[in-house]
Amino acid sequence: MNRLIIGCGFLGWPLALNWEKQCQRSNDLPSGSTNQVFAMTRSATRADQFAAAGLLPIIADITKAEGMGRALADLPTIDTIVFAVGMDRSRYSDIFDVYVEGLRRFIESFPHPIKHLIYVSSTGVYGDFDGNWVDEDSPTLPAREGGKACLAAEALLAEATENWTVLRMAGLYGGTRVPTKTLIENRNWEKLSPHGFLNLIHQTDAVAAIAKAAHVKPMQEIILCSDGRPPVRKDYYQYIANQFGIGDIPWPAQTNVDPQSRSAKSKRISNDKMLKLLDLKLQYSDYKSGLAELF
């Protein structure tokens with residue numbers, strides 16, 4: 001199988017490395033077939049890193065239509081495309097141009113019919129559910145620009161091709177990424193809300209979900225990806241504080257939390273469909289098991 005990853009960051013990079021290892025182990029290919037992993041980047045330096053890891057780099061910027069067609073022109077047939085682009089706020093300011101128009105530019109420049117495009121989206125497409133459970137049939141009412149952009153990109157994908165799968169990721173953590181770690185270390189309690197639930201999925205399990213989705217036929221399905229065991233924010237924050245020896249958090253009588261921020265919303269993300277449809281067994285069933293190695 002030939003695969004293409006657009007966005008080799010927190011999820012795309014370990015996914016690419018895993019797939020490259022599989023390619024190295026699969027030597028018995030039919031005549032004329034290939035088993036390659038392509039990865040897109042706008043950076044020549046990053047492209048060199050990709051090549052050193054055994055990947056086939058493509059240098060193109062999804063925010064620029066010019067040059068993308070040439071960069072993609074010589075691609076062989078691609079079995080699976082993973083679009084996992086993050087928002088680099090140090091370089092770009094318009095999230096719709098990156099998430100929505102970036103996807104449009106890629107689709108319009110891609111030289112072959114799309115066989116399967118997996119779009120990595122976000123559970124930020126949902127609004128506040130007052131602590132109730134959310135599944136794939138729940139109404140989408142994003143309050144933040146990121147959620148609105150993801151939802152618009154999903155709609156664009158569904159119009160462009162029938163061969164798609166959307167994975168809506170809960171809060172990603174793992175490795176050195178610990179949500180709210182800096183705020184807790186700096187004791188910025190007024191910027192944290194102790195109320196509501198925090199929905200998470202470990203990097204390893206998120207990557208596994210993408211890989212599982214790539215092994216099945218394009219489903220025209222939206223799948224929520226989380227560990228399914230969201231803690232109350234207050235308990236999560238206190239757990240992180242305990243790891244740093246801070247002690248009990250002195251919660252202020254009033255917080256200064258942006259009402260449009262994630263911390264001001266409360267919902268619980270169901271993972272029932274993910275576990276069943278992708279036949280996925282989580283390696284990290286909750287945040288404590290996922291953070292154990294780091295702490």
Exercise. Tell me, what is a quarter of the convex hull surface for the C-alpha atoms of the stretch 1-122, in nm² with one decimal?
Worked result: 7.7 nm²
For this session: Enter the Cα centre distance for the pair the stretch 198-272 and the stretch 114-157, rounded to the nearest angstrom.
Result: 15 Å
For this session: State which entries of LYS191/LYS273; LYS21/LYS288; LYS265/LYS288 exceed 31 angstrom in Cα-Cα distance in the structure shown.
Result: LYS191/LYS273
Exercise. Over the Cα atoms of the chain, Rg to Rh with Kirkwood Rh, two decimal places?
Worked result: 0.98
For this session: Bin width 5 Å, alpha-carbon pairs only: give the P(r) of the stretch 61-112 as whole percents, running from 0 to the bin holding the largest distance.
Result: 4, 20, 28, 24, 15, 7, 2
Exercise. How much length, in nm to one decimal, is gained on full extension between GLU162 and ASN18, taken as 0.36 nm per residue of separation minus their Cα-Cα distance?
Worked result: 49.1 nm
Problem set entry | Rounded to 5, percent antiparallel among DSSP beta bridges of the stretch 144-240 | 20 percent
Problem set entry | Where labels lie 7 Å past Cα in the beta-carbon direction, separation of TYR92 and ALA44 in nm | 2.2 nm
Seminar exercise, completed: Stretched fully, the stretch from LYS217 through ASN242 gains (0.36 nm per residue minus C-alpha distance, one decimal, in nm) 4.5 nm
Exercise. Of the accessible area of the chain, with the probe set at 1.4 angstrom, what percent is carbon plus sulfur?
Worked result: 47 percent
For this session: State, to one decimal in nm, how far the label point of SER285 lies from the label point of LYS273, with both points 7 Å from Cα in the Cβ direction.
Result: 2.4 nm
Seminar exercise, completed: Largest-first ranking of GLU185, GLU136, GLU66 by accessible area, probe 1.4 Å, whole protein assembly kept, is GLU66, GLU185, GLU136
Exercise. Looking at the P(r) of the stretch 228-295, how many percent of alpha-carbon pairs lie beyond 16 Å?
Worked result: 64 percent
Seminar exercise, completed: With T = 25 °C, eta = 0.890 mPa s and Kirkwood Rh from C-alpha pairs, the Stokes-Einstein D of the stretch 145-295 in µm²/s is about 145 µm²/s
Exercise. For the chain, with only Lys/Arg (+1) and Asp/Glu (-1) charged at the beta-carbon, what is the dipole magnitude about the Cα centre, in debye rounded to 20?
Worked result: 440 debye
Problem set entry | Convex hull per residue volume in Å³, alpha carbons only, for the stretch 52-161 | 145 Å³
For this session: Give the cross-link partners of LYS276 among the lysines, using a straight C-alpha distance below 22 Å as the criterion and excluding same-chain residues fewer than 8 apart.
Result: LYS212, LYS217, LYS267
For this session: Work from the charge dipole of the chain (Cβ charges, +1 for Lys and Arg, -1 for Asp and Glu, about the Cα centre) and give the residue of SER285, THR80, VAL134 farthest towards its positive end.
Result: SER285
Exercise. Could you name the lysines in cross-link range of LYS64, using Cα to Cα under 25 Å and dropping any fewer than eight places away on the same chain?
Worked result: LYS115, LYS148
Problem set entry | Options ILE210, ASN186, ILE249, ranked by Cα towards positive dipole end of the stretch 179-252, top entry (Cβ charges) | ILE210
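The values are calculated or read from the model by the stated rules, or taken from the named source; none is laboratory data. Just so you know, these numbers come straight off a predicted model, no measurement behind them. Note: ideal-geometry Cβ built from the backbone for every residue, glycine included; neighbour counts use all protein chains shown. To get the accessible areas, we keep the full protein, side chains included, count just its heavy atoms, and leave off ligands, DNA and RNA. Shrake-Rupley method; radii C 1.70, N 1.55, O 1.52, S 1.80 Å.
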